[in-house]
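Written out below as structure tokens is the structure these notes cover.
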Amino acid sequence: MTDTAARSASEDVHRAVDAVWRIESAKIVATLTRRVGDLDLAEDLAGQALLEAIEQWPASGIPRNPAGWLTTVATRRAIDGWRRLARQDDRYAYLARELENSCSGADTATWDPDRIDDDVLRLMFIACHPVLNRKAQVALTLRVVGGLTTEEIAKAFLTPTATVQQRIVRAKKTLTAAKAIFEVPPREEFGSRLGAVLGVLYLIFNEGYAASTGSEWMRTDLSSEALRLARILAQLVPREPEVHGLVALMELTASRFGARTSRDGEPILLSEQDRTRWDRAQITRGLAALQRADTVGGR
């Protein structure tokens with residue numbers, strides 16, 4: 001391979017890694033957090049897997065399921081680490097079985113985004129744990145679930161970047177000290193976390209609706225993920241009107257995404273939008289969610 005071809009392959013891999021991380025980072029970190037029981041360790045493992053991808057993909061090619069490849073490599077690193085330390089035998093055995101059963105091939109690992117026990121939603125409930133204050137909940141969730149940089153979070157809340165970084169570090173340490181369990185909390189604990197979860201979902205959706213940084217005016221992938229999680233949450237707590245109200249707001253707002261920009265990416269005012277490009281299915285779902293919120297709220 002010539003030097004030019006090698007550089008081109010390396011650049012392609014870096015672009016692929018960046019794209020995978022932007023789209024799938026929350027799912028990767030959430031899955032790893034469930035497996036290793038530690039958010040900080042999960043992020044470290046994901047970072048190590050990214051470095052391996054940058055080293056290996058130029059020669060081996062980009063796998064068909066890059067996110068599955070990264071998750072599998074990170075899981076194997078966790079197993080290797082515990083094996084070297086000669087401890088945590090029970091967790092090692094569990095991970096080894098899960099790796100064999102669920103991740104036997106990096107390219108065959110699949111996501112099931114409609115499962116009610118969604119890993120990203122679990123991660124959000126941990127990030128919104130009541131041992132954290134609201135500012136820490138929001139900062140940590142936007143970082144690990146929304147995939148926003150500390151600079152983006154700081155800009156959104158008019159807070160110094162260093163302050164946000166310290167807030168996230170302290171939040172992780174607090175969760176570790178509290179031995180927070182990676183699971184959707186019991187129903188009786190929903191009240192102490194639900195408001196924070198709804199607030200963070202809205203912030204993630206809003207960052208996608210009008211991106212605070214970057215070259216793109218909208219980040220529809222971010223808004224779509226927030227809406228997906230809100231739909232799952234509505235299934236978990238069908239008697240909570242605020243959840244259905246948030247789903248309605250997101251569905252109706254997202255229905256206009258296709259008409260909000262021109263082909264060259266320029267924004268189009270609401271009064272000038274082509275309404276035939278609005279998503280009628282989303283409008284129908286939004287109105288249905290609004291009706292459910294009204295019905296439940298009036299019980």
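Structure data summary
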{"item": "Candidate set from segment 204-232 (those that are assigned to a helix (DSSP H, G or I) and open to solvent by 50 Å² or more (accessible area, probe 1.4 Å)); member that is farthest from Phe257 (Cα to Cα)", "result": "Arg231"}
{"item": "Subset of segment 144-160 [open to solvent by 10 Å² or more (accessible area, probe 1.4 Å) and in a helix (DSSP H, G or I)]", "result": "Thr150, Glu151, Glu152, Lys155, Ala156"}
{"item": "Pair list, Cβ < 8 Å and 6+ apart or interchain, from segment 46-67 residues that are buried (at least 19 other Cβ atoms within 10 Å of the Cβ) to residues that are basic (Lys, Arg)", "result": "Ala49/Arg77; Ala67/Lys27"}
{"item": "Selection count where residues are of a type in the set (A, V, I, L, M, F, W, C), within 14 Å of Met218 (Cα to Cα), open to solvent by 20 Å² or more (accessible area, probe 1.4 Å) and part of a helix (DSSP H, G or I), scope segment 239-274", "result": "1"}
{"item": "Flag for Arg97 being out of contact with any Phe, Trp or Tyr (no Cβ under 9 Å at 6 or more places or on another chain), assigned to a helix (DSSP H, G or I) and at pLDDT below 85", "result": "yes"}
{"item": "Leu252 vs. criteria within 18 Å of Ala127 (Cβ to Cβ) and at pLDDT 85 or above", "result": "no"}
{"item": "Only one of Thr141, Thr176, Thr163 that is at pLDDT 80 or above, open to solvent by less than 10 Å² (accessible area, probe 1.4 Å), in a helix (DSSP H, G or I) and among the polar types (S, T, N, Q)", "result": "Thr141"}
{"item": "Test result for Gly105, modelled with pLDDT under 80 and buried (at least 23 other Cβ atoms within 10 Å of the Cβ)", "result": "no"}
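The values are calculated or read from the model by the stated rules, or taken from the named source; none is laboratory data. For clarity, every value in this text was computed on a predicted model and none was experimentally measured. FYI the Cβ positions are ideal-geometry reconstructions off the backbone, even for glycines, and counts take in every protein chain you see. The accessibility values were calculated without ligands, DNA or RNA, using every heavy atom of the protein model including side chains. Shrake-Rupley method; radii C 1.70, N 1.55, O 1.52, S 1.80 Å.
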